[in-house]
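Read the figures in this text as sums done on the coordinates, not as results from a lab. If you're wondering where the values come from, they're calculated on a predicted model, not measured in any experiment. Counting neighbours? That spans all protein chains shown, and the Cβs are built from the backbone with ideal geometry, glycine included.
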Amino acid sequence: MGRENFHRILNETQQDVLRMGSLVEEAINRAVDALGRSDVALADDILRFDDIIDDLNVRIETNCLNLLALQQPMASDLRTIAAMLDIVIDLERIGDHACDIAQITKSLAEEPPLKPLIDIPRMAAKAREMLRESLDAFANHDAAIAHLVPQKDDEVDRLYRAVFKELIEFMARDPKAISRGSNLILVALYLERIADHATNICERVVYMVEGVPKKLKRSVVEINRAVAHSDTLLNPS
Amino acid sequence: MSSATEAVDYVVLTIGAFLAAAGLAALVAAWRRTAGERVRVDSQAPLEIPIPVGTPNDESSSRRMDALLEALPAGVIIVAPDGRVTAVNASAAAMFGIAAERAIGRALIESVRSYELDRRVAAALADGVEESSELTFIAATERRLHVSTRAISRGDGKREALVIAVDRTRMVELETMRRDFVSNVSHELRSPLTAIKIMTETLQDGADPTAAKEFLENIARETDRMIALVEDLLDLARLESGRLDLRFDSVDLSALIRDAVSSQSTRASKLGIRLEAVTPSNGAAIAGDRDMLTQVVVNLLDNALRNTPSGGAVTARVSSTDSAVAVDVEDTGIGIASDALPHVFERFYVVDRSRAKSTGGTGLGLAIVKHIVEAHGGSVEAQSELGRGSLFRCRFGAVARR
């Protein structure tokens, strides 16, 4: 493999990461859309998406490993390959979460809706925005954007806590709502995770561009506190 | 512009764009051929001969091509055989939310992140596969595009890909609004009709005189509700058709507001909302149609009362300068989200459908307000903060004081 060939494959692999990223973005979008409309056919579509996402994942990993093994790349090229190997893991997880949401849509479709979804679509929009911008940062090797994106995680966490609290209160009032309510809490949790994965991607981009590994921000969702709060709701003694 | 003409415009635009697109593939191919010939002439030309780069005709046709591409309402992207973007026109840059100069020279997926579009372009480049269908593209906003991909064969056996996109976002929005409106109006008409039918049947079976009296009152009230809705619809149809017969007169808006507020005061107190008029003592006269202007104020008050919870306040205020009179209707209600705010004056637009059903909104009141105010040469705007309340302001030119 010549030097020119090396750069061609490196470029194509970066484009594959963006292809995988755009599929994953669309998967989240469709997943939440399907959930809001109880659209089982759309949910099935997302599950099929996952096969293409997995294929891309394999292709990217194989290319990265080949480049590493055969070319011994240095400096920026090496960091780009290392970053891509990490980023595909995050993208793959995000794709899995979209599938998880699609599965929940299918199981919830048989029951009447608990309540109109308000904060969950907001969370999804914010998480998707974070993912989109993290991929923009990757596409343009732009560390400045990568530094900014994780700040949006606070909003996602705030919405997560709001959804959690609201659904717990719902379930405390009406035990028949428990199966639907807990499924929706899972959806919110998946969306919160997706935002965290977007933050991870930003960290990889910063490392790729600046050459310094950096923890940008780790959201700590206070599940324990939220659970404690739900206890006081359920046992108001 | 009314929604109906807008819809027609979009259809015309869409058809026009496709006609243009069909010709465009051929034109681009012709353009490329000329460019290709120019390069060949160039490379074969001996050094001493002054460069005969095409005839002036070629250049002007290439310039014409550039201008056409740039001015086209359809988005056009051209991708070279190696997958690099070579041209992005202004419409495509706007539709996909990209900067043309950053996209050119890079792979399509690096600027337009749509797996589906990337796949279609790759298929056009590799196998000459052409597709034409709807595609949802999400960047900062969600857009519904009709995208055609064409393959253009070059002389060297390679292909270029041409992407032609027509933005249908607005059209889809209009379709949704219309569908929502029809279902809303049907619901609005059906529920009083059902009530009337049930009560009539009960009366036919024979009811005691007290119950009969109550039923008749209910029937009268439900009928009024339906008449009001039908009148709203007719008003709007008349306003939008432009066949509006305004009887201009000098109208004192202060007096008009006070009358309108007192006509709504019973309803406001039933709802537990404080309703008041704040008007200048010296009057505020404009030239206008008294009945139409009354409808403006009543519609704004009605809207404020429907969107303000019990315990809130609605204030109608008139303020005037020498040249202008402003009418404000302010409430401490639920407010309007910033993304919905630009649409509130659109016909059929309802912020929250489930709320509108319970409060009896048709999505027509504010559209009527806008039409009437504009027919008076005035303007209307809305400001709002979610959870805090809304302010609707109409501005009119004042009648010179004598």
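Structural remarks
- When the alpha carbon gyration tensor of the range A:3-234 is reduced to an equivalent ellipsoid, the three semi-axes, largest first, read 36, 20, 12 Å.
- Listed residue (B:V296, B:V329, B:F248) projecting farthest to the positive dipole end of the range B:202-342, Cβ model: B:V329
- Fewest-first ordering of B:S191, A:S22 by other beta carbons within 10 Å of each residue's beta carbon gives B:S191, A:S22.
- Averaged over the residues of peptide A:11-19, the number of Cβ atoms from other protein chains lying within 10 Å of each residue's Cβ is 4.
- From phi via Karplus (6.51, -1.76, 1.60), per-residue ³J(HN,Hα) for the range B:171-186 in Hz, x at Gly/Pro: 4, 5, 4, 4, 4, 5, 4, 5, 4, 4, 4, 4, 5, 5, 5, 4
- Here the 3J(HN,Hα) profile of the range B:331-343, calculated from phi with Karplus coefficients 6.51, -1.76 and 1.60 at θ = phi - 60°, is 10, 10, x, 6, x, 10, 5, 4, 6, 8, 3, x, 9 Hz, Gly and Pro shown as x.
- Packing, as the average of other Cβ atoms within 10 Å across residues, places the peptides A:113-121, A:184-192 in the order A:184-192, A:113-121, highest first.
- Sorted largest first, extent of the range B:78-200 alpha carbons per principal axis (Å): 81, 27, 20
- Cross-link pairs A:K152/A:K176; A:K176/B:K197; A:K126/A:K165; B:K270/B:K370 - those with Cα-Cα distance over 30 Å: A:K152/A:K176; A:K176/B:K197
- Cα lying deepest toward the dipole's positive end in the range B:54-165, options B:G128, B:V163, B:S61, charges on Cβ: B:V163
- Cα-based shape type of the range A:50-162, given that a ≥ b ≥ c are square roots of the gyration tensor eigenvalues and the cut on a/c is 1.5: oblate
- Cα-based reach from A:K106 at 19 Å (exclusive), listing aspartates and glutamates while leaving out same-chain residues under 8 positions away: A:E26, A:D33, A:D39, A:D44, A:D45, A:D50, A:D51, A:D96
- Shielding score for B:133-145, defined as the mean number of other chain Cβ atoms within 10 Å: 2
- Comparing Cα centroids, the range A:79-102 and the range B:57-84 end up 38 angstrom apart.
- Averaged over residues, the count of other Cβ atoms within 10 Å places the peptides B:382-394, B:225-237 in the sequence B:382-394, B:225-237, highest first.
- Dipole axis of chain A (+1 Lys, Arg; -1 Asp, Glu on Cβ), positive-most option in A:I145, A:A43, A:Q103: A:I145
- Taking every alpha-carbon pair within the range A:13-67, the share separated by more than 13 Å comes to 60 percent.
- In a DSSP loop and with at most 16 other Cβ atoms within 10 Å, the GluC sites (Glu not before Pro) in the range B:89-180 are B:E130.
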